[in-house]
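What follows draws every value from the coordinates through simple rules; no lab data is involved. Nothing here was measured: the structure is a model prediction, and the numbers come from that model. Cβ atoms come from the backbone with ideal geometry, glycine included; neighbour counts cover every protein chain shown.
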Amino acid sequence: MARVHRPAADGATDRVEAYRQLRNCPEVFAELHRLELEGAGELAIQQRLRKQFDDVVVRGAITLQELRRRAESRFSHADRMWFDRQGLEQATSETVARHKAQRFSRATWDLCCGIGADAIAIAARAPVTAVDHDEATLQLAEWNAAVYGVEDRFTPRLADVTTVDPGKDLVHIDPDRRAGKRGRAVRLEDYQPGPEFLESLIAQRTGGAIKLSPASNFGGRFPGCEIELISLHGECKEATVWFGELAGETPFRATVLPQGETLAGDPFDFDPVIEPLGRYIYDPDPAVVRAGLVDALAADSSLNRLDDAEEYLTSDSLVATPFARAFEVLDVVPFKDKALREYFRGASFGQLEIKCRHVPVDATALRRKLRLSGDEAGVLIVARESGKARGVICRRCTR
């Protein structure tokens with residue numbers, strides 16, 4: 001593993017020492033696991049551990065154990081990885097990171113590397129210099145690289161990312177969305193580093209990727225780039241701005257994972273085709289919606305829109321597509337409390353999923369008003385058709 005000089009970083013030295021102390025005490029995790037198997041309560045576990053280990057080790061082990069469990073759905077080696085709370089919250093899921101890494105085939109600098117998720121995925125394909133301004137975070141990333149066996153192609157570097165020079169290497173950056181903020185920043189102006197630096201990367205570097213929140217105001221901000229909206233298990237996870245030699249030929253792309261299916265195009269090349277509700281209604285994947293490719297999907301799959309103000313699509317025959325969830329239409333009623341109550345009073349539903357996009361609906365309050373005395377599972381989609389809100393009663397299609 002390449003080593004670098006690490007100057008002290010304000011506020012990080014104590015955290016680094018605490019992590020190193022914890023790493024040098026693996027027996028605390030074995031004892032913690034044993035106590036949990038015995039069914040000991042949280043307070044009892046802490047008391048018994050503190051009789052054997054330093055307080056900083058006990059607190060660190062309990063916190064890390066919790067974070068590792070939370071990360072199990074996102075990382076295949078979560079049980080051995082190193083996390084802090086903010087690092088885990090902002091980290092790219094392993095499946096998403098590996099998808100993105102497929103475009104990197106030569107030396108890359110991962111700026112604002114965090115706990116190392118993207119850097120590790122890229123390092124499986126090419127040498128990576130991982131840069132972060134926080135010494136403790138960089139230490140966790142280095143240990144995580146070792147967990148995934150890519151430490152020989154992972155070079156940690158402690159620095160302000162705005163001061164480094166990647167030269168002609170590729171670049172990946174995940175700007176900090178929590179710097180000095182309560183909750184995650186959405187506006188690019190609140191990212192650190194901000195839009196000016198991100199634009200300079202695009203102008204000065206040969207190619208790379210910028211990770212943004214899918215809710216961010218990226219529209220019209222990155223001319224000449226490709227913006228890929230990536231969803232995982234139906235949840236839109238990020239907007240990746242590809243630039244330079246890594247950019248594709250179309251301005252927008254929607255990718256659904258884990259299937260790995262992708263839809264690309266220019267939203268302005270497609271016009272909405274409006275048709276009445278047919279036998280099936282489709283809820284497009286959020287990546288497709290955020291990429292503005294609903295009409296591209298409709299054209300590609302022989303589907304039509306219900307309304308020009310809705311993303312819901314429809315057809316008379318069932319169309320299988322990874323980019324939308326299909327529902328069989330059973331009935332349609334006006335979206336009014338009285339009509340809905342009367343319908344569901346005589347229906348056979350005991351469970352009801354309520355979906356909507358642009359019609360404001362308090363699903364919890366609405367569900368309370370309905371008498372669901374059956375045993376079947378149904379779906380109520382509230383959507384506009386010809387400008388009027390309707391309740392579309394349906395069931396999920398299994399294929």
*asked:* Spelling out what I want: for every residue of the range 383-396, take phi, set θ = phi - 60°, compute 6.51 cos²θ - 1.76 cosθ + 1.60 (Karplus), and round to whole Hz; glycine and proline get x.
replied: 9, 8, 9, 6, x, 10, 6, 9, x, 9, 8, 8, 9, 5
*Let me know the whole percent of all Cα-Cα pairs from the range 237-292 that are separated by more than 13 Å.*
70 percent
*For Thr314, Thr398, what's the fewest-to-most ordering of other Cβ within 10 Å of each Cβ?*
Thr398, Thr314
*If each Cα of the range 140-229 is one equal point scatterer, what is log10 of I(q)/I(0) from the Debye formula at q = 0.15, 0.22 Å⁻¹?*
-0.70, -1.22
_Report the gain in length on full extension from Val186 to Ala124: 0.36 nm times residue separation, minus Cα-Cα distance, nm rounded to one decimal._
19.3 nm
*Where does each of 201-213, 366-378 land if you order them by average Cβ count within 10 Å, highest first?*
201-213, 366-378
*Once fully extended, how much extra length lies between Arg34 and Ser386, figured as 0.36 nm per residue of separation less the alpha-carbon to alpha-carbon distance?*
120.5 nm
*Given a cut-off of 18 Å, name the pairs among Lys100/Lys168; Lys100/Lys237; Lys211/Lys237; Lys338/Lys369; Lys237/Lys355 whose C-alpha atoms lie farther apart than that in the structure shown.*
Lys100/Lys168; Lys237/Lys355
*Enumerate the amide H contacts of Asn304 below 5 Å, restricted to partners 5 or more residues apart or on another chain; note that Pro and chain-start residues carry no placed amide H.*
Thr314
*Sort out for me the Cα centre separation of the range 34-86 from the range 242-312, rounded to whole Å.*
43 Å
_Estimated D of the range 13-73 in µm² per second, where Rh is the Kirkwood radius over Cα pairs and Stokes-Einstein applies at 37 °C, 0.692 mPa s_ = 275 µm²/s
_Cβ crowding within 10 Å averaged over residues, with 241-248, 48-55 ranked highest first_ = 241-248, 48-55
*Are there any helices in the chain, counted as whole DSSP H runs, that stretch 24 Å or more along their axis by Cα and score at least -0.5 on average by Kyte-Doolittle, and if so which?*
none
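Distances over 35 Å make up what percent of all Cα-Cα pairs in the chain? Mind dumping the intermediate values first?
On the way: 32772 of 79401 pairs.
Here the tail beyond 35 Å accounts for 41 percent of pairs.
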*Rounded to the nearest 500, what is the 222 nm mean residue ellipticity of the chain from helices alone, with -39500 (n - 2.57) per DSSP H run of 4+ residues and division by all residues?*
-8500 deg cm²/dmol
*Starting from the Cα-Cα distance between Lys51 and Arg325, subtract it from 0.36 nm times their residue separation and give me the gain in nm to one decimal.*
93.2 nm
*Normalised alpha carbon radius of gyration of the range 280-396 [divisor 2.2 N^0.38 Å]*: 1.06
*Regarding the range 89-162, what are the three Cα extents along the principal axes, ordered largest first, in Å?*
28, 25, 23
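Rank by packing, highest mean first: peptides 131-140, 275-284, 110-119, 67-76, with packing defined as the count of other Cβ atoms within 10 Å averaged across residues.
Per-residue Cβ counts within 10 Å, averaged per peptide and sorted highest first, yield 110-119, 131-140, 275-284, 67-76.
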*Per-q log10 I(q)/I(0), the range 341-399, q = 0.23, 0.24, 0.26 Å⁻¹ (Debye; single scatterer per alpha-carbon; no solvent)*: -0.98, -1.05, -1.16
*Can you list the trypsin sites (Lys or Arg not before Pro) in the range 143-197 that are in a DSSP coil and have 10 or fewer other beta carbons within 10 angstrom?*
Lys168, Arg182
